[in-house]
Amino acid sequence: MADEKKLRVVVIGAGMSGILAAIRLRDEGIDDVTVYEKADRVGGTWRENTYPGLTCDVQSHAYTYSFELNPDWSSQYPDGAEIYGYFERTAQKYGVIEMIRFGEEITKLAFVDGRWEIETKKGTKDTADVVIAATGVLHHPSTPDIPGLASFEGASFHSARWDHSVPLDGARVGVIGTGSTGVQIVAALADRSAVVKQFQRTAQWVRKGVNDPYTPEQRAAFREDPNLILAIRNSPESEANVRLWSQAISDASSPEMHMMEGYIAQNLEQNVADPVLREKLRPNYRAGCKRIVISPNYYEQVQKPSVEIVTDAIDRVEPKGVRTADGTLHELDVLVLATGFHADMFLRPMTVTGRNGVNVEAVWADRPIAYMGLSIPDFPNLFMLNGPTAPVGNFSLIDVAERQMDYLMGLIDMLRTGKAREISADAKAMADYESARAEAASKTIFASGCRSWYLGADGAPSIWPWTYDHFIEEMKTPKLDAFDVVEG
Ligand code: N01
């Protein structure tokens, strides 16, 4: 169209949502797009995490772009390398690789005279009409502040910085942490390492996920007829599960939540035979409060002779191993820190300055906020995928990002067609959203009394508190009165 403005868009990050953004923008005819990626490969979390046992806790056919179904998934929960391969192949197939500037970490964004000025660590300067931050949710490792950690003589690393030169077979391995990561690592090492000691500060609710491989015949059938894949993605059973789960977590007192808790608890009762071990593994908070861990075999694996669940608190790390509060020295060759991530980063550590020089750190002093998880008042034409308060609780982040991208295309189209020059969340809409969100969050299962990465520094849940249906409804089309629109 002749009177369309030719927009230049910068996408930050070439992980799952950055690849998606680049593909969607180009599909919509926006071809002046650059993706800045600080690493030398695509893949985000799937590039950074390579630990043994890595898989996704969302089933493969649901953790797949809607426009790039994958008949070749080897199983319901394939390993991380296979998932990484899917993203790399998709980025290549859709020409995203050519749009990426690798090895370029953006350090500064400033909104000046209606455009975003961009600077990278290497000193590259660029400008854009629109910036889409696809910087990931769990990307910055959190390393525990345990006395003596640096004195350990063996190998020690965070789970997202795995050192593959370190031998594990026959080794004595300590794993600090019992989140999804620690559980996957311990389950994988139980058959390989001589000793696996898992240091458990808090027990986890673990749901059994059946990981059936797809047979060659099934994969051939998927290739032949993609409707078979759609039938898995959109089966009434899977939709009912998402609906039930999201209704349950949004209301901690609901019958749905009590039903889900009963169902999840069965795994522990039915699959851990030793009553002493069962009590060690029994959480003292409600299921769903932390993100549920999904594993096909964790309980089976921790009952193997190589594995010990250590529940005494860690006192310190010494050159030879971990000393617990009861005085025991747990001698180790390898110490893995499966201690999670800083979940409040989003645009951080970039310096981001919006309209009138307002710094995002001033806006985010209490907690990161964004209207619908994607726009901040006075930061025009800067949008986030899977940003603060997006629904990240046990749902497919691909589905979340695709719906957000649909929504954003509605806003970006206004910029392209000249209906608007600057769009950002309206300050009142932001405040109303945040107060309704906080009120709803106080009723969720996340607020029922536990420590988790869903909570902000003030201890209140900082994620989407409503149902997934509500999110789907909101993402259908932007409500323009919630935006501060500067006309073109
Ligand atoms: O991290 P976590 P994660 N001393 O924050 C413990 C996603 N994920 O990497 O519970 C002792 O859940 C901490 O103890 P506590 C998934 O969304 C996805 O495991 O706070 N322990 C906890 O046990 C998941 O929810 C997949 O008491 C310390 C653990 O470390 C999210 O990533 C695969 C400690 C941290 O658990 C994060 O999972 C894996 C200390 N000082 C993960 N500090 C996929 O599907 C922390 N801990 C791709």
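For the chain, which cysteines have no disulfide-compatible partner, meaning no other cysteine Cβ under 4.7 Å?
Cys56
Could you give the nm distance between label points at Ala150 and Ala81, where each point is 7 Å from its Cα heading toward the beta carbon?
Reported label-point gap for Ala150 and Ala81 is 3.5 nm.
Quick check: the angle from helix 16-27's long axis to the longest principal axis of the chain, C-alpha only, nearest 10 degrees?
It works out to around 30 degrees.
How high is the relative contact order of the chain? Use alpha-carbon pairs under 8 Å, at least six apart in sequence, and give a whole percent.
Here the relative contact order equals 20 percent.
Using the heavy atoms of the protein chains alone and a 1.4 angstrom probe, what is the accessible area of the chain per residue in square angstrom?
Computed with neighbouring chains in place, this is 42 Å² per residue.
What part of the accessible area of the chain, given as a whole %, is carbon or sulfur when the probe is 1.4 angstrom?
Within the chain, the accessible surface is 50 percent carbon and sulfur.
Which whole-number percentage describes the relative contact order of region 149-337, with Cα contacts under 8 Å and a sequence gap of 6 or more?
Relative contact order comes out at 39 percent.
Quickly rank 47-59, 28-40 as a protection proxy: mean count of other C-beta atoms within 10 Å, highest first.
47-59, 28-40
Evaluate the distance, in nm, between pseudo-label points positioned 7 Å from the Cα of Ser253 and of Asp212 along their respective Cα→Cβ axes.
Here the modelled spin labels are 4.0 nm apart.
How big is the dipole moment of the chain about its Cα centre under a simple scheme where the beta carbon of each Lys and Arg is +1, that of each Asp and Glu is -1, and everything else is neutral? Debye, nearest 20, please.
Dipole size: approximately 620 debye.
So, in nm, how far is label Ser165 from label Thr107 when the simple model puts each one 7 Å beyond its Cα toward the Cβ?
Going from the Ser165 label point to the Thr107 one covers 2.8 nm.
Any chance you could give the angle, 0 to 90 degrees and rounded to 10, that helix 80-93 forms with the longest Cα principal axis of the chain?
Approximately 20 degrees, to the nearest 10.
The values are calculated or read from the model by the stated rules, or taken from the named source; none is laboratory data. Note that the structure is a prediction, hence the values are computed from the model and not measured. Neighbour counts are summed over all protein chains in view; Cβ atoms, including those assigned to glycine, are modelled from backbone coordinates with ideal geometry. Ligands, DNA and RNA are excluded from the accessible area calculation, which covers all protein heavy atoms including side chains. Shrake-Rupley method; radii C 1.70, N 1.55, O 1.52, S 1.80 Å.
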